[in-house]
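Take a look at the structure below.
The values are calculated or read from the model by the stated rules, or taken from the named source; none is laboratory data. Computed from a predicted model, the values in this text were never measured in an experiment. Heads up, the Cβs are rebuilt from the backbone with ideal geometry, glycines too, and the neighbour counts pull from every protein chain shown.
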Amino acid sequence: MKTAMIAAVSTALLTTTAYAQDAASSSVRQAESSWYKDGQARIQEMLARQPNTNRAKNVILFVADGNGVGTNFAIRLFAGQNQGEMGEEHVLPYETPDFHSALVKTYNINAQTPDSAPTAGAMNSGVKQRFNTINLSEEGRHDNCASEEGNRLTTFAELATEAGKSVGVVSTARITHATPAGVYAKTANRDWEAEAPEGCTDIATQLVDQMKAGVVDIALGGGGGMFFSEGANTEGAYKAKRTDGKNLVENATDAGAQYVYDATTLSGADMSGEKPVLGLFKDSHMSYEVDRPESEPSLTDMTKAAIDYLKTNDQGFYLEIEAGRVDHANHDGNAYRTLSDGEEFARAIALADELTDDEDTLLIVTADHEHAIAFNGYCGRGNPILGICYDVDAEGVKHSDTPLLADDGKPYTVIGYLNGAGSILTPKESAEGGEVFSGSRPDVTEDEATDVDYIQQALIPMSSETHSGEDVAVYAKGPWAHLFDGTIEQNYIFHVMHYAAMDASAEGASGQ
Amino acid sequence: MTTNRRQVLAFGAASFLIAARPMPVFAETEIIKLRDLYEKDQSFTKLAKRLEGQRVGVEGYMAPPLKAESNFFVLTRRPMAVCPFCESEADWPDDILAVYAKRVVDVVRYNVKLVTTGRLELGAFTDPETGFVSRVRLADATFERA
């Protein structure tokens, strides 16, 4: 009898969900709706979530440059629609319930609209920084070489190295560009990629110096030109950008590093972790994913190579991976490449998640800032995210075939930009001299809007579309990922990485 | 000659009706996109090789000219505001087209879509005046707004 009762109780405990659903179905008419059931299932998933209080052996920081909440919404729909879904319901690999998340305030010390240098620095040093500077304290001044002295900050990469970990940095932008430079460089000017004033060190040289110092173990990206001077005869040498006569690749290989310059040499590299790897796959930024030749590794290829290499260290690693060109395509006002590079970013994250263990790896996904991208309405469900906006179908679910028209009688695309090259305003010489900007919207068809080279319509005329100060999100899983919650300052990301990898008890919270 | 002109007009009118948007169309000139000339590895496409030496119309944008009062400009796939020779960090994209116009170029703003028509030339050429190295060019070119 007693045994039977215990069995009954445990069955009851096990079937709480079923009871809840039964109770719901008796009083809630919509209880059988899949939306309702999905909501109920999500409650159970959230209740089952246990904080992971292990010490993080590995930390991976994924940054899609310029991928704020708005851009990410568009990437979600693009990825979903490419898989045959309507898109809105799609779940990107980092949007599953096992990821904790927060909103991130991205401003810089002296800028409401941030740039990628101080934002990368904030994530890598734990403090906000000044516009256009990287890893300098508040006293550092942009473009002022003398202000670097005494103001260079300690980076997470240096702390990780002290803790015995390996360090990697991957980017589809130039490896000397702001976001990757945030891992290893300290500079008063993000543009000092290949040369710097007397008394300061250019960013490419700082990377090689950090490699020689044993801080950076693997660096993969574009920007080969920043490492070569005219006349360099290294195999795979790029169009020289240096003027100091130095060949930094030779400098690195002389110190024991391996140099790789295409997909073939990357796959042939020694990944045992014995010899650092410097991979430079293009003279400037790497190709957008839609334009990428097979000879160039993808972001996913580089992610795999970096993790394979870094995993050889028993004490773990810190790896920053940037999808650098989501930002560039946004600057061009070209939503297609923004979204296709964002889709590749998602693939790289899925692979990194697969190659690592949630028990010991803190996987963080974020962006450095948002753009002046915006979304029109009221488009029906499943509206192609790159297309023109079609009306809602009051009877069905999927959008109707009727394009919505603005007051000028013309259709409009879902995505637009507040400023940029797609501006509908063009200059004309005024009678008083000078230029007057005026214009009207051009017509746009679905075929034109979904073309890979289409530039979305914009308002304010600017040669390069701008960032915006709008929030970005951060998503994380693994040790101490639950410390991401609410609305946070961007520099707090460093503190979670630091706590998870260095401050937390090695035995986990339960062992304290 | 009369017949030919009538054909041109007929073709133009038809394209107007279909696309609801007049494009400069010439009876014997193919209108292609810049990307139709290059493969991803930057080699020339079959189409480019087939059209070598012929007059073609290519859609694209005029990059800010390298020098004033010149008959030379660079056609880009997407608007390119920055003059790569003025900004040390800027780089030309791989897929561009050098244009040698019949007349001194009347500069068009970088974000206005053009159709540029000229004789397609393939192979490396260094411009004696600017030192600009091109792999593909349109010679004796004219251009109109798309």
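Quick notes on this structure:
- For segment A:270-302, a residue qualifies if it is surrounded by 19 or more Cβ atoms within 10 Å (Cβ to Cβ) and hydrophobic (A, V, I, L, M, F, W, C), and the qualifying residues are A:MET271, A:VAL277, A:LEU278, A:LEU280, A:PHE281, A:MET286, A:LEU299, A:MET302.
- Scan of segment A:325-357 for residues that are in a helix (DSSP H, G or I) and either on the phi > 0 side of the Ramachandran plot or of a type in the set (Lys, Arg) (or both), ordered by number: A:ARG325, A:ARG337, A:ARG347
- Qualifying residue in segment A:479-500 (condition: within 13 Å of another protein chain (Cβ to nearest Cβ) and hydroxyl-bearing (Ser, Thr, Tyr)): no
- Taking segment B:117-146 as the range and being of a type in the set (D, E, K, R), within 14 Å of chain A (Cβ to nearest Cβ) and assigned to a loop (DSSP other than H, G, I, E, B) as the test, no residue passes.
- Candidates A:ASP254, A:ASP209, filtered to the one that is over 21 Å from A:GLU320 (Cβ atoms) and surrounded by fewer than 20 Cβ atoms within 10 Å (Cβ to Cβ): A:ASP254
- Which numbered condition A:SER464 misses (of (1) at the interface with chain B (Cβ under 10 Å from one of its Cβ atoms); (2) more than 30 Å from A:GLN112 (Cα to Cα)): (2)
- If you check B:PRO79, B:PRO65 for being closer than 19 Å to A:SER463 by Cα, within 14 Å of another protein chain (Cβ to nearest Cβ) and either of a type outside the set (Ser, Thr, Tyr) or without any contact (Cβ under 8 Å) to a residue 24 or more places away in the chain (or both), only one passes: B:PRO79.
Condition check ((1) at pLDDT 95 or above; (2) among the acidic types (Asp, Glu); (3) surrounded by 13 or more Cβ atoms within 10 Å (Cβ to Cβ)) across all residues:
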{"position": "A:GLN21", "(1), (2), (3)": "no, no, yes"}
{"position": "A:PRO51", "(1), (2), (3)": "yes, no, no"}
{"position": "A:VAL69", "(1), (2), (3)": "yes, no, yes"}
{"position": "A:LEU77", "(1), (2), (3)": "yes, no, yes"}
{"position": "A:GLY84", "(1), (2), (3)": "yes, no, no"}
{"position": "A:GLU88", "(1), (2), (3)": "yes, yes, yes"}
{"position": "A:LEU103", "(1), (2), (3)": "yes, no, yes"}
{"position": "A:THR106", "(1), (2), (3)": "yes, no, yes"}
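- A:PRO427 falls short on exactly one of the conditions (1) surrounded by fewer than 20 Cβ atoms within 10 Å (Cβ to Cβ); (2) under 26 Å from A:TYR378 (Cβ atoms); (3) of a type outside the set (Gly, Ala, Ser), and that condition is (2).
- Count - residues of segment A:278-309 that are more than 23 Å from A:LEU248 (Cα to Cα), more than 14 Å from chain B (Cβ to nearest Cβ) and over 18 Å from the mean Cα position of the chain (by Cα): 1
- From the list A:PHE317, A:PHE345, the lone residue that is of a type in the set (Phe, Trp, Tyr), surrounded by 23 or more Cβ atoms within 10 Å (Cβ to Cβ), assigned by TED's automatic domain parsing to the domain that holds A:GLY68 and more than 21 Å from A:VAL452 (Cβ to Cβ) is A:PHE317.
- For segment A:391-439, a residue qualifies if it is within 14 Å of another protein chain (Cβ to nearest Cβ), among the polar types (S, T, N, Q) and without any contact (Cβ under 8 Å) to a residue 24 or more places away in the chain, and exactly one does: A:SER438.
- Members of segment A:469-504 found to be more than 17 Å from A:PRO51 (Cβ to Cβ) and among the acidic types (Asp, Glu), listed by number: A:GLU470, A:ASP471, A:GLU489
- Test: residue in segment A:320-329 that is free of Cβ contacts under 8 Å to residues at least 24 places away in the same chain and not hydrophobic (A, V, I, L, M, F, W, C): no
- Selection of segment A:490-506 for residues being in contact (Cβ under 8 Å) with a residue 40 or more places away in the chain and more than 17 Å from the chain's Cα centre (by Cα) yields A:HIS495, A:VAL496, A:HIS498, A:ALA500, A:ALA501, A:MET502, A:ALA504, A:SER505, A:ALA506.
- One residue alone among A:LYS275, A:LYS241 is away from chain B (no Cβ under 14 Å), among the basic types (Lys, Arg) and without any contact (Cβ under 8 Å) to a residue 60 or more places away in the chain, and that residue is A:LYS275.
- Residues of segment A:440-456 that are away from chain B (no Cβ under 11 Å) and in a loop (DSSP other than H, G, I, E, B): A:SER440, A:ARG441, A:THR450, A:GLN456.
- Residue identified as outside the structural domain of A:GLU89 (by TED's automatic domain parsing) and among the acidic types (Asp, Glu) among A:GLU395, A:GLU322: A:GLU395
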